[in-house]
Amino acid sequence: MRTSTINNISQRFTWLKGILAGEIVASESHKQKLSDMRTFCELEVSGLFGRVSYNTLKTSCLRNAIPGVRFDETTQWDHIIELRKRIYEVYSKPKPSAKDISKPNEKVRIDAAFNQAQLSSIAYLEMFRFLRGILESENNLPEAMKQQISNFLYESSQKFETITSFDPAPHKKWSIIKGGRTDG
């Protein structure tokens, strides 16, 4: 076997392993040539390797004649087939399009909106209480600062009066309501 053939096949192994390791990025035309072994033999990568006949590749690999190529399979032929298949399977998987990505249903979106509203309400109420606590407990604050905080709290309470407190609401007296189901 000629040295050029051995180098060609050796470079093919190196190229395939480089792709698997993420060190080499295959072009679209290279990816298409990985579909089967016959088209893989037609693959040319400039500066690395050129075409090789299918029978030459197979015979050389079945004899394990390529020095420096380690493999776990029974022959180098099995190894090169496995490498090519693994790479092709990765590249041939369809990528999800924007249409394929499922959007959450309406109930999930409504629940998420309620959760965000609840968090916002809690954050607002905590800030409000914190500022009110400072206003009532700090004696060191200048009068102008106290007035400014007081005005801010008043305006804020007027703007956001519909936000309910997370303190428990006062209990109402229970009463019995007549009506409902009659088929006990």
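See the values below:
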{"read-out": "Amide proton proximity set for ILE24, modelled H, under 5 Å, gap of 5+", "value": "ILE19"}
{"read-out": "For segment 113-121, 3J(HN,Hα) per residue [Karplus equation, 6.51 cos²θ - 1.76 cosθ + 1.60, θ = phi - 60°, Hz, x = Gly/Pro]", "value": "5, 4, 4, 5, 5, 5, 4, 5, 4"}
{"read-out": "Lysines with Cα under 25 Å of LYS93, excluding same-chain neighbours fewer than 8 positions away", "value": "LYS17, LYS31, LYS33, LYS85, LYS103"}
{"read-out": "Footprinting exposure proxy for LEU135, LEU62, LEU16 (fewest neighbouring C-beta atoms within 10 Å first)", "value": "LEU62, LEU135, LEU16"}
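Every number here is computed from the coordinates shown, using simple stated rules; none is lab data. Please read all numbers here as calculations on a predicted model, not as lab measurements. Please note: Cβ atoms are built from the backbone with ideal geometry, for glycine as well, and neighbour counts cover all protein chains shown.
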